[in-house]
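Notes for the one structure printed next.
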Amino acid sequence: MIEVEEARQTLDDEQSIQAFDDIVYQRVLGASKHISMIGDMIESIALIGEKNHSSIHSVVDKIKTLSQYFIETRGAASQAISNAINIMIKNIDEVRNLDVEEASKVIIQKKNNYLIQSEKAINKVVKYGVEAASSMKTIMVFDYSSTVNKWLQNLKNENKNYTIVIPESRIINGGYPFIEACREAGHQIKFIPDAAIMYYLKECDGAFFGAETFYPDGTTFNTTGSDIVGLVCKEFNIPLYVLTPMIKVDIRAIYGYKKQLKINDLTEELASNWDSSVKSKIDFNCPELLGVESKYITAIITEEGIIPANQLFNNSKKFHDSLKGE
């Protein structure tokens, strides 16, 4: 298990260190955003190694240490992190036979190739998501996702204004980051506490959220509270869509793997102003992510199209095989 300081010490420039801390301390949210930031860190290590004429073995070792740290930490919650990192550094040991200048170019090109393909995939997800919402007027979005945020920026119709209902999750404060995108797009905004999800969801034409990870059977993992959104949508027959690229599929589920709950201590989020003698005697632990079963989800919108949540198996297997080059 790689410790946080060991991973942090692989970085030598202030911008990368800031990005590292932003991910670790959840100052920046969204798996897709984190993947891009990790890619920038990998590029920084390569460029600084080239500038300083460092040993290529040292450069590769630093990249592998940083990568393994994020696979073990962020990747535990989001399979997309692990999938993306493994693609960006695939066969990286092969560059040990090159000089550091040439190796740096190869490392950065691999990273860039992934990000280009990722951007194309997300653009398709956004396009299909806009189509799915074209007949709606009032929509709920739950918890921050960079893919959902981009969709909100592109959700425009000259003949009507959208009203976006945003519950603020006290788990991670993932509602507020949507505000800027909604304002720029001209949406009307209704900002509510997550305890009011059921009351306001009944007035919505649909609901959308992103995914940290999803299984081939359509089970989707997202911030605690997403399960409530799914349950209410099913109860009141409101369509629920998940916006996510295929990179977030966790194929291990078909071999018996089950995601372990990640439990967070929410003492400061829930009781920062409490008397310390009181809060020290209370359990503030809560899961970070929960699975929403496919029966609660109308469809998962990926770059492959708008796919019913319980019909994802073939798409998931095909995508996984493509990662292995099969």
Report whether or not residue 213 is modelled with pLDDT under 95 and hydroxyl-bearing (Ser, Thr, Tyr).
-> yes
Number of positions in the stretch 1-35 that are polar (S, T, N, Q), surrounded by 17 or more Cβ atoms within 10 Å (Cβ to Cβ) and either modelled with pLDDT under 95 or assigned to a helix (DSSP H, G or I) (or both) | 2
Any chance you could count how many residues in the stretch 158-188 are loosely packed, with under 14 Cβ neighbours inside 10 Å and not hydroxyl-bearing (Ser, Thr, Tyr)?
-> 9
The residue from 113, 149, 123 that alone is under 21 Å from the mean Cα position of the chain (by Cα), in a helix (DSSP H, G or I) and exposed (fewer than 13 other Cβ atoms within 10 Å of the Cβ) is 113
Would you say residue 281 is within 30 Å of residue 121 (Cβ to Cβ) and either not assigned by TED's automatic domain parsing to the domain that holds residue 248 or not small (Gly, Ala, Ser) (or both)?
-> no
The number of residues in the stretch 126-136 that are outside any loop (DSSP other than H, G, I, E, B), touching a residue at least 60 places away in the same chain (Cβ under 8 Å) and either in contact with a strand residue (DSSP E or B) (Cβ under 7 Å, 6 or more places away or on another chain) or among the β-branched types (Val, Ile, Thr) (or both) is 4
Take the stretch 60-91 and flag every residue that is of a type in the set (Val, Ile, Thr) and either outside the structural domain of residue 103 (by TED's automatic domain parsing) or part of a helix (DSSP H, G or I) (or both).
-> 60, 63, 65, 71, 81, 85, 87
The one condition in (1) part of a helix (DSSP H, G or I); (2) within 26 Å of residue 173 (Cα to Cα); (3) in contact with a strand residue (DSSP E or B) (Cβ under 8 Å, 6 or more places away or on another chain) that residue 140 fails to fulfil = (1)
Six or more apart or on different chains, Cβ under 7 Å: which pairs go from a residue in the stretch 137-150 that's under 16 Å from residue 289 (Cα atoms) to one that's of a type in the set (Ser, Thr, Tyr) and assigned to a helix (DSSP H, G or I)? Could you list them?
-> 142/226; 143/226
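The rows are residues; the columns are (1) modelled with pLDDT of 95 or more; (2) more than 19 Å from the chain's Cα centre (by Cα); (3) surrounded by 20 or more Cβ atoms within 10 Å (Cβ to Cβ).
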position: 223; (1), (2), (3): no, no, yes
position: 227; (1), (2), (3): yes, no, no
position: 236; (1), (2), (3): yes, yes, no
position: 243; (1), (2), (3): yes, no, yes
position: 259; (1), (2), (3): no, no, no
position: 262; (1), (2), (3): no, no, no
position: 270; (1), (2), (3): no, yes, no
position: 280; (1), (2), (3): no, yes, no
Just for helices (runs of 4 or more DSSP H) wholly inside the stretch 213-314: which have at least 1 residues that are more than 23 Å from residue 192 (Cα to Cα)?
-> 276-279
Please specify each residue of the stretch 88-107 satisfying the condition of being hydrophobic (A, V, I, L, M, F, W, C), touching a residue at least 40 places away in the same chain (Cβ under 8 Å) and surrounded by 18 or more Cβ atoms within 10 Å (Cβ to Cβ).
-> 88, 89, 100, 103, 107
Unmet requirement for residue 58, which otherwise passes all of (1) within 24 Å of residue 98 (Cα to Cα); (2) touching a residue at least 24 places away in the same chain (Cβ under 8 Å); (3) in contact with a helix residue (DSSP H, G or I) (Cβ under 8 Å, 6 or more places away or on another chain) | (2)
The lone exception for residue 180 - which of (1) closer than 17 Å to residue 238 by Cα; (2) free of Cβ contacts under 8 Å to residues at least 40 places away in the same chain; (3) of a type in the set (D, E, K, R) it fails | (1)
Hits in the stretch 179-216 - residues which are touching a helix residue (DSSP H, G or I) at 6+ places or on another chain (Cβ under 6 Å) and of a type in the set (Asp, Glu) = 212
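The values are calculated or read from the model by the stated rules, or taken from the named source; none is laboratory data. Owing to the predicted nature of the structure, the values given are computational and were not obtained by experimental measurement. Using ideal geometry, Cβ is built from the backbone for each residue, glycine included, and neighbour counts are taken over all protein chains shown.
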